[in-house]
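The values are calculated or read from the model by the stated rules, or taken from the named source; none is laboratory data. Note that this is a predicted model, so its numbers are computed, not measured. Please note: Cβ atoms are built from the backbone with ideal geometry, for glycine as well, and neighbour counts cover all protein chains shown.
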Amino acid sequence: MKKHIPNAITCLNLLSGCVGVVLAFKFPEKLQYASYAIFIAAILDFLDGMVARLLRAYSEIGKELDSLADMVSFGVLPSVIVYHLFLQAPQLDISPFLNYTAFLIAIFSALRLAKFNIDERQTENFIGLPTPANAMLIASFPLIIAQGDYFSSSFIKNPYFLSIFSLGMGLLLVMELPLMSLKFRNFALNQNIYRYIIITASIVLLLILKFVAVPVILFLYIALSLIQFRIAR
């Protein structure tokens, strides 16, 4: 039975993504509900891998199931959130077409997940932005708006920003960009210094900036990854 436990957690990840899509369409004025579904899915996505390692319950079906669940929770659901943000933004003459650029995120997420499954270089670190990181960035947008940060909200609800953001983040997902994994194989400081920095900085930034910290944390994660691999070379 233990080999099915990680897959059961992965299915809960998928369920969270499905519920999030329903919440986004049912309560478009409360998109933060859908955001919570992404964060729950991210926790479950972390747990299924951890449990699989602890139980040594690896399987090919588990690997494929994980990607399929991630496609919904971290590909389709973020696209739906961005689509609703487009609808809440000022509508332009080209908006009937521009609004659908939100689904570039789903397309590029599918490409990212497909590449990950066949790319043997990504056993220790990532090549391209992981879909959960991109999804959590998008999940922060409705929460920033609900937080009442006027300056950030004005950017988020700008249709030009949303269209450029959708394309830009899509390209980051599939770009040949080396990024560190946050999985610890041990707790030695010299081997995990960048992981400790990003975790400590994330806690401090979240306490100070709340949800506005999420975009800053993602930028810091990418910057530290580039520094780490530059020094390693």
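Just a few scattered comments:
- The criterion of being under 26 Å from M50 (Cα atoms) and in the same structural domain as G20 (by TED's automatic domain parsing) holds for N125.
- Qualifying residue in segment 216-223 (condition: in the same structural domain as V80 (by TED's automatic domain parsing), part of a helix (DSSP H, G or I) and buried (at least 17 other Cβ atoms within 10 Å of the Cβ)): no
- Scanning segment 136-163 for residues that are more than 13 Å from Q32 (Cα to Cα) and under 20 Å from the mean Cα position of the chain (by Cα) turns up S152, S153, F155, I156, K157, F161, L162, S163.
- The residues listed here are I38, I43; of these, the one that is out of contact with any strand residue (DSSP E or B) (no Cβ under 7 Å at 6 or more places or on another chain), surrounded by 18 or more Cβ atoms within 10 Å (Cβ to Cβ) and either assigned by TED's automatic domain parsing to the domain that holds V76 or without any contact (Cβ under 8 Å) to a residue 12 or more places away in the chain (or both) is I38.
- Taken over segment 178-197, the criterion of being closer than 19 Å to P132 by Cα and either over 21 Å from the mean Cα position of the chain (by Cα) or surrounded by 15 or more Cβ atoms within 10 Å (Cβ to Cβ) (or both) is satisfied by P178, L179, M180, L182, R195.
- Whichever residue in segment 1-35 is free of Cβ contacts under 8 Å to residues at least 40 places away in the same chain and among the hydrophobic types (A, V, I, L, M, F, W, C) and, among such residues, is nearest to F86 (Cα to Cα): F27
- Residue match in segment 49-63 (condition: assigned by TED's automatic domain parsing to the domain that holds I144 and in contact with a Ser or Thr (Cβ under 6 Å, 6 or more places away or on another chain)): no
- Of all residues making up segment 165-214, the number that are assigned to a helix (DSSP H, G or I) and of a type outside the set (A, V, I, L, M): 14
- Among the residues of segment 198-220, the ones that are more than 15 Å from S140 (Cα to Cα) and either at pLDDT below 90 or under 20 Å from the mean Cα position of the chain (by Cα) (or both) come to 6 in all.
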